[in-house]
Amino acid sequence: MLAPNMEPGSSAVEIGAAAENAMRATTVSMRTRFDDGAIRRWVQTDEALKGWMQAERPATQLTVPVNGRDLSTGDHPSVPPSDLGVVRYPSPARELPREVVLQEWEGQVQEVGERVFSARLVDLTQDSKEETEETDLPIEDLGEADRGLVVPGAIFRWIIGYRWTNGEKERFTRVVIRRLPIWTEREIKSADQEAAELHNALFGNAGEWAASPGSD
Amino acid sequence: MPFSEMQANGQPAPDQIEVCVFGPNYGECVLVHLGNGNWVVVDSCLHEGEPVAIAYLRALGLDPARSIRAVIATHWHDDHYKGLSQILTNAPAAHIWISSVLIDEEFLRFAMRMNKNKTSVAGHKLDEFLKIIDDIRRRRSDGQLTFGYANSRTAIFRLDRSVSGHGHPCEMMALSPSHGDVSEFLERIAANTPRARQSKRAVPSPSPNHASIATLISIGPLGIVLGADVENSGRPTAGWEAILGAHKLQPFGPRASLHKASHHGSENAHNRGVWDNLLTANPLAVLTPWRKGACRLPTADGARNILELSQDAFITALDARSRSKRDGRPPGVQRFLREHRGIRLRSLAVPFGAVRFRTRDISSATWNRELFGAACHLSQVIKAQPVR
């Protein structure tokens with residue numbers, strides 16, 4: 001939809017809103033060429049959609065008349081008209097299978113055998129922060145890319161849930177080994193600084209603070 | 001945990017020595033009553049989120065703040081550390097002892113670098129250690145000299161005969177770590193210290209655990225050895241070999257009639273020299289179990305090693321490999337777990353148990369023993385078949 005204060009053939013895009021006094025400077029006017037015919041058809045389409053949504057009809061009628069034509073009938077029953085000003089792409093979300101996660105764990109690999117690896121699990125579904133369970137999972141169930149990442153100490157997510165693919169409901173499980181970030185130079189430097197300070201705080205002037213037994 | 005059962009016989013009398021060992025399948029805590037209301041806590045584990053040491057003392061009607069005189073963290077592994085900071089919060093005047101190796105700059109660098117890894121929901125195994133270190137730093141800056149770093153032959157706690165309640169002097173002495181233990185440990189830690197541009201990973205647990213604090217408690221002629229996680233090293237400078245070498249040069253104290261077997265009774269922790277030189281013949285023995293992945297301690301052979309030398313050997317819990325409860329999970333998850341029998345899900349919440357020893361007869365070392373919860377005679381380990 002065009003903004004009410006906009007003339008056909010031009011549009012204003014306001015960029016950013018970090019600071020009010022910077023707004024004027026960052027307001028950019030852009031001139032965009034629109035095909036007048038396309039805009040007219042867009043407005044007609046929009047009006048047609050509004051009218052269709054407000055009209056009463058049987059619940060089974062799912063087609064939208066566009067530019068006065070019902071696309072479900074006539075010459076082009078399945079091909080969208082080429083002269084539409086706006087092409088509405090199908091939502092990508094609808095193409096992906098929907099998933100409902102029933103159970104999610106975070107696991108830490110303890111041992112890796114030939115066929116299975118054992119892990120301790122934190123039940124994320126229960127908002128737990130403690131390892132409360134352990135499991136043995138088959139290595140062959142992992143994706144190819146993940147198999148090389150199964151080493152003691154590796155962190156993974158294990159999910160059990162339902163998903164719908166082409167209208168079919170099915171149960172699924174997925175184990176994804178996390179690709180952990182690296183220790184950066186800055187983190188190492190900061191950690192070493194903390195360690196040096198801690199060492200000094202704990203053990204500086206060792207002679208003065210020699211340990212002595214608690215006693216009575 | 002049947003703390004109510006443990007209350008039945010009340011608190012130990014002032015002249016009574018008590019050693020109480022707690023241990024689920026992952027974790028260990030030992031409480032020792034040295035006499036006259038003076039308690040020492042060695043390591044810590046949790047029960048329902050609370051340190052068992054605190055829960056037990058309260059169950060006996062004791063105030064942890066007044067009762068706990070010293071807390072010893074034998075080493076930094078999380079099966080010995082859980083809840084230690086809570087114990088110190090409840091007993092702020094207690095002395096805290098850690099292995100001297102843990103304040104070496106090499107280990108602190110390892111700990112602080114690992115602490116930059118915040119990628120796991122469960123945190124990392126060093127969380128509790130860093131809390132203890134913070135507590136020690138605070139004590140030091142407050143001028144409160146109630147902390148110490150133990151090495152072999154460090155005197156950790158002393159109680160004069162005039163205040164011990166039984167007329168005998170008490171001393172708790174560290175048997176380890178030796179200098180050899182310290183240098184081996186630091187080498188391993190250096191090899192495991194994260195470097196820049198390496199992928200972050202969980203905290204490893206380099207083993208063996210020679211750098212842990214094993215102790216000998218001497219109460220007049222009575223001896224108690226708490227073996228921590230010390231193992232054999234194969235070298236005279238580290239592990240049990242180093243302890244036995246030092247004992248040969250200068251005996252640590254009286255032979256012990258009660259032995260908390262080291263490293264959960266593992267085969268590599270068994271050393272005949274320890275039984276021949278540090279312990280009395282046929283001593284009482286107790287140990288806690290341990291599990292991680294497919295590994296279980298003690299093994300049947302480990303249990304046999306101990307049973308050959310001690311008729312009265314006990315374990316605080318029997319590992320039943322309990323299945324995880326599916327109840328309470330959504331039906332879809334329950335169905336999935338039922339249908340995929342190749343996937344085994346086991347609960348870590350296992351039956352909890354404790355073994356308690358008490359004696360008033362310090363000269364002849366005649367101990368009374370009580371088993372609570374899942375505790376049993378060590379021979380049950382050999383009979384038990386793991387449930388899969």
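For residue B:249, the conditions (1) surrounded by fewer than 21 Cβ atoms within 10 Å (Cβ to Cβ); (2) among the hydrophobic types (A, V, I, L, M, F, W, C); (3) modelled with pLDDT under 95 are fulfilled apart from (3). Considering the range B:117-162, the residues that are free of Cβ contacts under 8 Å to residues at least 12 places away in the same chain and touching a Phe, Trp or Tyr at 6+ places or on another chain (Cβ under 8 Å) include one that is surrounded by the most Cβ atoms within 10 Å (Cβ to Cβ), namely B:140.
So, residue B:277, is that one touching a Lys or Arg at 6+ places or on another chain (Cβ under 8 Å) and of a type in the set (S, T, N, Q) or not?
Numbers: touching a Lys or Arg at 6+ places or on another chain (Cβ under 8 Å): yes; of a type in the set (S, T, N, Q): yes.
Answer is yes for this residue.
Somewhere in the range A:116-134, is a residue of a type in the set (Phe, Trp, Tyr), within 23 Å of residue B:198 (Cβ to Cβ), more than 9 Å from every other protein chain (Cβ to nearest Cβ) and buried (at least 16 other Cβ atoms within 10 Å of the Cβ)? The answer is no, given that none of the residues of the range A:116-134 is of a type in the set (Phe, Trp, Tyr), within 23 Å of residue B:198 (Cβ to Cβ), more than 9 Å from every other protein chain (Cβ to nearest Cβ) and buried (at least 16 other Cβ atoms within 10 Å of the Cβ). Within the range B:44-68, the set of residues being buried (at least 22 other Cβ atoms within 10 Å of the Cβ) and touching a His at 6+ places or on another chain (Cβ under 8 Å) comprises B:44, B:45.
Please go through the range B:143-163 and pick out each residue that is part of a strand (DSSP E or B) and farther than 13 Å from residue B:213 by Cβ. Even if it seems obvious, please write down each step before you answer.
Quick first cut of the range B:143-163, residues part of a strand (DSSP E or B) only: B:147-150, B:155-159.
Within the range B:143-163, B:147, B:158, B:159 meet the criteria.
It is to be established whether one or more residues within the range A:93-106 are touching an Asp or Glu at 6+ places or on another chain (Cβ under 7 Å), over 20 Å from residue B:328 (Cα atoms), buried (at least 17 other Cβ atoms within 10 Å of the Cβ) and more than 8 Å from chain B (Cβ to nearest Cβ). The answer is no, given that none of the residues of the range A:93-106 is touching an Asp or Glu at 6+ places or on another chain (Cβ under 7 Å), over 20 Å from residue B:328 (Cα atoms), buried (at least 17 other Cβ atoms within 10 Å of the Cβ) and more than 8 Å from chain B (Cβ to nearest Cβ). Of the strands (runs of 3 or more DSSP E) lying entirely inside the range A:97-154, the ones with 3 or more residues being hydrophobic (A, V, I, L, M, F, W, C) are found at A:98-112, A:116-123. For the range B:126-142, a residue qualifies if it is over 19 Å from the mean Cα position of the chain (by Cα), in a helix (DSSP H, G or I) and of a type outside the set (Ser, Thr, Tyr), and the qualifying residues are B:134, B:135, B:136, B:137, B:138, B:139, B:140. Between B:116, B:125, the distinction of being within 7 Å of chain A (Cβ to nearest Cβ) and at pLDDT below 95 belongs to B:116 only. The test for being more than 10 Å from chain A (Cβ to nearest Cβ), charged (D, E, K, R), surrounded by fewer than 19 Cβ atoms within 10 Å (Cβ to Cβ) and within 24 Å of residue A:109 (Cα to Cα) does not hold for residue B:79. For residue B:86, the conditions (1) under 29 Å from residue B:143 (Cβ atoms); (2) buried (at least 21 other Cβ atoms within 10 Å of the Cβ) are fulfilled apart from (2).
Of the residues making up the range A:165-184, those that are over 12 Å from residue A:101 (Cα atoms), part of a strand (DSSP E or B) and in contact (Cβ under 8 Å) with a residue 12 or more places away in the chain are A:165, A:175, A:176, A:177. Residues of the range B:49-65 include none that is within 30 Å of residue A:154 (Cα to Cα) and of a type in the set (Lys, Arg).
Looking at the range B:35-112, the strands (runs of 3 or more DSSP E) lying wholly inside it that each contain 3 or more residues that are of a type in the set (A, V, I, L, M) sit at B:38-42, B:68-73. Quick check: anything in the range B:188-205 more than 10 Å from chain A (Cβ to nearest Cβ) and crowded, with 19+ Cβ neighbours inside 10 Å? Within the range B:188-205, one or more residues are more than 10 Å from chain A (Cβ to nearest Cβ) and crowded, with 19+ Cβ neighbours inside 10 Å. The residue list B:9, B:38 contains one member that is within 13 Å of chain A (Cβ to nearest Cβ), surrounded by fewer than 24 Cβ atoms within 10 Å (Cβ to Cβ) and among the polar types (S, T, N, Q), which is B:38.
Would you be able to say whether some residue in the range B:176-198 is touching a strand residue (DSSP E or B) at 6+ places or on another chain (Cβ under 7 Å), among the polar types (S, T, N, Q) and farther than 30 Å from residue B:361 by Cβ?
The initial filter retains those residues of the range B:176-198 that are touching a strand residue (DSSP E or B) at 6+ places or on another chain (Cβ under 7 Å), namely B:177, B:197-198.
Imposing the further condition that a residue be among the polar types (S, T, N, Q) reduces the set to B:198.
Right, trim to farther than 30 Å from residue B:361 by Cβ and you get B:198.
Yes, that holds for at least one residue.
Counting only residues that are over 19 Å from residue B:202 (Cα atoms), within 11 Å of another protein chain (Cβ to nearest Cβ) and hydrophobic (A, V, I, L, M, F, W, C), the range A:138-189 holds 3 of them. Looking across B:100, B:164, one residue alone is more than 7 Å from chain A (Cβ to nearest Cβ), over 30 Å from residue B:360 (Cα atoms) and among the hydroxyl-bearing types (Ser, Thr, Tyr). It is B:100.
The values are calculated or read from the model by the stated rules, or taken from the named source; none is laboratory data. Please read these numbers as outputs of a predicted model, since none were measured by experiment. Positions of Cβ are generated from backbone atoms using ideal geometry, with glycine treated the same way; all protein chains shown enter the neighbour counts.
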